[in-house]
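Chemist: One structure, pasted below without further comment.
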Amino acid sequence: MPSVKDLGKRLKSVTSTSKITKAMKMVAASKLKKAETDMAKARPFAASVQSLMMPHIGVKEEDETPSTVLALAISSDKGLCGGVNSKMAKEVKLGMEAYVGKGVESPEVLMLGSKGRDAMTRTHSKFFKTTYDEAYGGKVTFSLASFLAEQMLASSADSYVIYYNKFKSVINFDVTALAFKGPEVLGGSGVMDEYEFEGEKEEILADLYQFNLAVSIYSCILENVTSEQASRMTAMDSASTNASEMIEKLQVQYNRLRQAKITTELTEIVAGAESV
Amino acid sequence: MLSNALRTGARPLAAGALRSSLARQAAPAARLVHATRAAREDAPKARRSAAPSPSRPSPPATAASPNLGRSRCRNLPCPLNRHTPSAAPPPPPQVEMVILPGVDGQFGVMPNHVPTIAELKPGVVSVQEAAGGPLTKYFVSGGFASIGEDSKLAVSTLMAAPLEELDADAIKTGLAQYQAAYEKARRAPGLSRGPSRNLRGAASELSWNLRSRLGTSRDPPEPLPSPSDTRPRPARDPPETRPRPFPRRPTTWSSPRRRSASRSTRRCRTPSPRREQRRGVACVRGPGGV
């Protein structure tokens, strides 16, 4: 049976924890709003370029297995965000193992965010090509996205995949893989024949491929950030709720203990007085 | 509608070779830009859909960003959205003609244009809503334009702003700032060519915008005179003969400090006696949703 003092200390610490989680929840809620606006703005941007390119470089079910795969997995740097990072790590692990099972030799992963890296590093670190920390220093910029696209394209692969948490609603987000075929596909005959090109077709298509990749990475990062904030908000919300319940229970226990102690003291005094 | 201010750090991608330059938008440019960051942020402009042919309805033109006032040199691309706090109305869905700054020169698009994909360099897009009417001009930071079969024109750029909202003074200040930063970057030891090329390109874009805004010339800009640099340039980076906004060669980056490439163990950054003991072991955290 803990003493009154210990219970009192515990009560204090749980109260301050609940204050922290409530504050974090409010901060996450406001950041979520902002992130949602950014994401909504970027969606038509991404759609305009992807609608042009995806019919040609999107990976469909019936396509054959690529020979090399390079994946970019997006996670966060900060914790206390619920399950987004662990889900991401799980999906990436499963995905990479599936590729290995299909015969892809050494699929590689670029990991953005330290939480994802930490989750995968003990068991699946052989897949890592590069990991990026503290990339979310400021706001998510297109510069970051194009830097990552350049890193991805630095090593040629048959297929490029982006793993991110797709934001469907505040409580519904899931890990999605966005896969592209390599740029060689665009060299095939009959690709984009219905369009005229101002300038050389190969050049423009190469540029457009890179642009498409960067734009896709940009929108995926924004979606991931939004999902992360939403997840953090719900996680902190449930943490605050749990903390409040615990405070109630502890308070009752504390009061009972305190009153019992007082009663004991009184009884002793009375007994002592009577014996005199 | 269109975000105000000009984005110099972010440039549209692409260069000839496959591996080439997304460099422009990459870290050093971003870092540089952080130094001169304006308060506001925008996101990449997505698309201005104009259906020139009156018989075909088009989706409502997209308009941009949190455009709240005078332009400044700002860093982030502005995405397109349909809410226009800015004064300028979004371009109407059906227009007569649009003049676009392609990399090979300006070209015009009218209704029933053959389906085309074109790469744009940073420049001015002019929209003529009615035949013979006035031209509405926007500065775009490069990107791609595609004309579909139903005469729908989609312009995908990172940044777009109506010319009226661009502030010549802010542009001049920004140009000076970028040139100063460029000087600094060139002199900084250990930087590879990549960042400085970014800066050069960024400064060149700024100067182009400046000139076009002030109406001096519509011609492609010549690259800014680089500060006197007598170091021999490596052979694989010839001087650009055509003022393309993006270099063609892959750039090699010295990894920016804030992005650490690490493999399986995390480096403990601050040495301390206790950490030294634990160095090889405890820097690896367990898995799970921390």
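Chemist: Using Cα centres only, tell me the gap between the range A:159-182 and the range B:103-145 in whole Å.
Modeler: Cα centres, the range A:159-182 to the range B:103-145: 34 Å.
Chemist: Using just the C-alpha positions of the range A:40-235 as equal point scatterers, what log10 of I(q)/I(0) does the Debye formula give at each q in 0.14, 0.18 1/Å?
Modeler: Values, matching the q order: -0.79, -1.27.
Chemist: Oh, and also: Please compute the modelled spin-label separation between B:GLN106 and A:ALA273, points set 7 Å along Cα→Cβ, answer in nm with one decimal.
Modeler: Label at A:ALA273, label at B:GLN106, 10.3 nm between them.
Chemist: Taking the mean number of other Cβ atoms within 10 Å as a proxy for protection, how do you rank A:116-124, A:215-223 from highest to lowest?
Modeler: Ranked from most to least packed, the peptides come out as A:215-223, A:116-124.
Chemist: Spin-label point model (7 Å from Cα, Cβ direction): what's the A:THR176 to A:SER106 distance in nm?
Modeler: About 3.2 nm, to one decimal.
Chemist: Let me ask something else. Given a Förster distance of 51 angstrom, what is the FRET efficiency for A:THR263 paired with A:VAL27, based on the Cβ-Cβ distance and rounded to 0.05?
Modeler: 0.70
Chemist: What ranking of A:MET88, A:MET39, A:MET53 emerges when the number of other C-beta atoms within 10 Å of each C-beta is taken as an exposure proxy, fewest first? If you can, show how the numbers build up before the last one.
Modeler: Numbers: A:MET88 28, A:MET39 23, A:MET53 20.
With the sparsest Cβ surroundings first, the list reads A:MET53, A:MET39, A:MET88.
Chemist: Sticking with this one: As I understand it, the value is the acute angle between the Cα axis of helix A:4-57 and the longest principal axis of the Cα atoms of chain A; what does it come to in degrees, rounded to 10?
Modeler: That works out to roughly 10 degrees.
Chemist: Also: Averaged across the residues of A:189-198, what count of C-beta atoms belonging to other chains lies within 10 Å of each residue's C-beta?
Modeler: The per-residue average across the peptide is 4.
Chemist: Okay, moving on. Under 5 Å between amide H atoms, partner at least 5 residues away or on a different chain: which partners does A:SER76 have, H built in plane at 1.01 Å?
Modeler: For A:SER76, the qualifying residues are A:LYS115, A:GLY116.
Chemist: Roughly how crowded by other chains is peptide A:129-136, in terms of the mean Cβ count from those chains within 10 Å of each of its Cβ atoms? Let's see the in-between values first.
Modeler: Values: counts 2, 6, 7, 7, 7, 5, 5, 0.
That average works out to 5.
Chemist: Using a Gaussian network for chain A with springs between C-alpha atoms less than 10 Å apart, which of these wobbles most: A:GLY190, A:GLY101, A:GLY182?
Modeler: Per the Cα network of chain A with a 10 Å cutoff, A:GLY190 tops the list.
Chemist: Using packing as a proxy for protection, rank B:127-138, A:203-214 so that the peptide with the highest average count of other Cβ atoms within 10 Å comes first.
Modeler: Result, highest mean Cβ count within 10 Å first: A:203-214, B:127-138.
Chemist: Go through A:LYS31/A:LYS93; A:LYS41/A:LYS168; A:LYS19/A:LYS90; A:LYS41/B:LYS172 and tell me which ones have a Cα-Cα distance over 20 Å in this structure.
Modeler: With Cα atoms farther than 20 Å apart: A:LYS31/A:LYS93; A:LYS19/A:LYS90; A:LYS41/B:LYS172.
Chemist: Between B:ALA168 and A:THR17, how high is the FRET efficiency from 1/(1 + (r/R0)^6) when r is the Cβ-Cβ distance and R₀ = 60 Å? Nearest 0.05.
Modeler: Plugging the Cβ-Cβ distance into 1/(1 + (r/R0)^6) gives 0.65.
Chemist: Another question, then. Counting DSSP beta bridges in the range A:40-235, what percent are antiparallel, to the nearest 5?
Modeler: 40
Chemist: Obtain the nm distance between the two label points defined at A:GLU61 and A:SER244 by a simple spin-label model: each point lies 7 Å from its Cα along the Cα-to-C-beta direction.
Modeler: Taking the simple label geometry, A:GLU61 and A:SER244 are separated by 4.6 nm.
Read-outs throughout are calculated quantities, based only on the coordinates presented, and are distinct from any laboratory measurement. If you're wondering where the values come from, they're calculated on a predicted model, not measured in any experiment. We place every Cβ from the backbone using ideal geometry, glycine too, and count neighbours over all the protein chains shown.
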